[in-house]
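A quick write-up on the structure given underneath.
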Amino acid sequence: MAGRGTDIKLGLNVKQCQVCGIKARGLAPFGQVMETADLDAAELKKRQCNTDPPCGLVVVGTERHESRRIDRQLRGRSGRQGDPGSSVFFLSLEDNLMRLFGSDRIAKIMDRSGAEEGEVITHPLVTRAIEGAQKRVEYQNFQARKRLLDYDDVMNQQREVVYSERLFALEGGEELKAEAVRWIDDSLHRFGEEQGAELPEEWDREFIYNELLMRYLVSAPDIKDPEKIPDQEALDELLKTAGREAFRAKIASWDELGNRHGTENLAERLLSHVMLSVLDEKWKDHLFELDHLRHGIQYRAWGQKDPLVEYKREAFEMFVDLMHDMKSTFADRFFKFQVQVGAPPPSRAQALAAARAEKPEAGVPEADLMVGATAAKGPPPEALQATHGEAGAQSAQPRQRSMPKVGRNDPCPCGSGKKYKKCHGANA
């Protein structure tokens, strides 16, 4: 099958069949195309072209593949561009294809017909049995691909929903703000259901107020008043109103900050950034969990359950939890997102240059310099100079050698007769 898609060029004297009127083509020594002349009847009879014409490319197969399409591709290597050719396949009843899909039946028939061991069998029954085995394998492969597509459709439907939400975040505008408000409403609605699950008389209103303030930075003091918030419906309405007011205040502060510093559409850009970060993070985690579910769901068949049905059910439940988690995380990050506009912090090289400019005589070691630090490690050089006085100044001068440097392979000065590197210089 190597080189599939490239025609095999036939060489000189490969096509010689005069019966079908094909001439032998080839290249002369200097590159010219030449054709052999038509042979007369006597020469044709002499060569016996009618019985065994040496004609074109012959493809010899040693087994049959599981798919008939691959066999046809292999046969199609011959007979290209009008050239002659033929193909022949040899296979054994012990091949995997025949052993798994029909060798017993054929072997029994061959035994009844008196076929001997090693005898070449060419019979339409064998050919039909091979095609039947290939059809069964192709059907099994088709069912496997169809099953895989059914699993992929579940993920594809969820992907369309998530990508539609991501499109809101990418396009921005008023639609993005409206979608963000819907996410915040849904998140606060679920928060109200969680906190107000009991009867209104049993609510811990102080705890609900503090939890709302800590989780979303949304203040709603009316929660503490039982007369204003008598039931669950009033609580939901209060949370919805407080969330929308906090959202509008946050957007207005970002717009004011952008106008002050000359940044256009700062609020939309920040809102898009928060939503995109939440969507991408949660979607990647969800895909990872779906992959684990996909690999382990097959064991449900042992309990007489359809793995595909179980996968669809659990994947849907996971997706519902994903959407709730996305909305809750978005509301949490949006209300806690802080923006600070100012000069960027100095880089390491800039901080080092500034420190050396302030104290050029001391020199600040780069290892001791930290970006944003207020002081270098150790006492200042002025303190050292004042403490040690002239002795400190003398200690700063380099010391002169009292004796010449000894090489590693020179005799040791101690007089032992050994080399310096094996005597006193061993630990140097």
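List of remarks:
- The residues of the range 397-428 that are modelled with pLDDT of 80 or more, open to solvent by 100 Å² or more (accessible area, probe 1.4 Å) and part of a loop (DSSP other than H, G, I, E, B) amount to a single one, K418.
- The range 291-314: number of residues that are more than 13 Å from D150 (Cα to Cα), free of Cβ contacts under 8 Å to residues at least 12 places away in the same chain and of a type in the set (A, V, I, L, M, F, W, C): 2
- Test result for R159, without any contact (Cβ under 8 Å) to a residue 40 or more places away in the chain and over 30 Å from E94 (Cβ atoms): yes
- Of all residues in the range 196-207, those satisfying the criterion of being assigned to a helix (DSSP H, G or I) and open to solvent by 40 Å² or more (accessible area, probe 1.4 Å) are E201, E202, E206, F207.
- Within the span defined as the range 279-286, one or more residues are more than 30 Å from L213 (Cβ to Cβ), open to solvent by 60 Å² or more (accessible area, probe 1.4 Å) and either modelled with pLDDT of 90 or more or hydroxyl-bearing (S, T, Y) (or both).
- Taking the numbered list (1) at negative phi; (2) at pLDDT below 70; (3) open to solvent by less than 40 Å² (accessible area, probe 1.4 Å) in turn, S78 passes all entries but (2).
Okay, residues lined up against (1) modelled with pLDDT of 70 or more; (2) open to solvent by 60 Å² or more (accessible area, probe 1.4 Å):
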site: M98; (1), (2): yes, no
site: S113; (1), (2): no, yes
site: E116; (1), (2): no, yes
site: V120; (1), (2): no, yes
site: L125; (1), (2): yes, no
site: A129; (1), (2): yes, no
site: Q134; (1), (2): yes, no
site: Y139; (1), (2): yes, yes
site: R147; (1), (2): yes, yes
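- The range 250-276, subset within 16 Å of F334 (Cβ to Cβ) and open to solvent by 40 Å² or more (accessible area, probe 1.4 Å), residue modelled with the lowest pLDDT: D255
- Residue under evaluation F247, criteria (1) open to solvent by 70 Å² or more (accessible area, probe 1.4 Å); (2) under 37 Å from the mean Cα position of the chain (by Cα), criterion not met: (1)
- Of all the criteria given as (1) more than 30 Å from L170 (Cβ to Cβ); (2) open to solvent by 70 Å² or more (accessible area, probe 1.4 Å); (3) part of a helix (DSSP H, G or I), the one not satisfied by A234 is (2).
The values are calculated or read from the model by the stated rules, or taken from the named source; none is laboratory data. It should be emphasised that the depicted structure is a prediction, and the values quoted were computed from it without experimental measurement. In this analysis, Cβ positions are derived from the backbone assuming ideal geometry, glycine residues included, and neighbour counts consider all displayed protein chains. Ligands, DNA and RNA are excluded from the accessible area calculation, which covers all protein heavy atoms including side chains. Shrake-Rupley method; radii C 1.70, N 1.55, O 1.52, S 1.80 Å.
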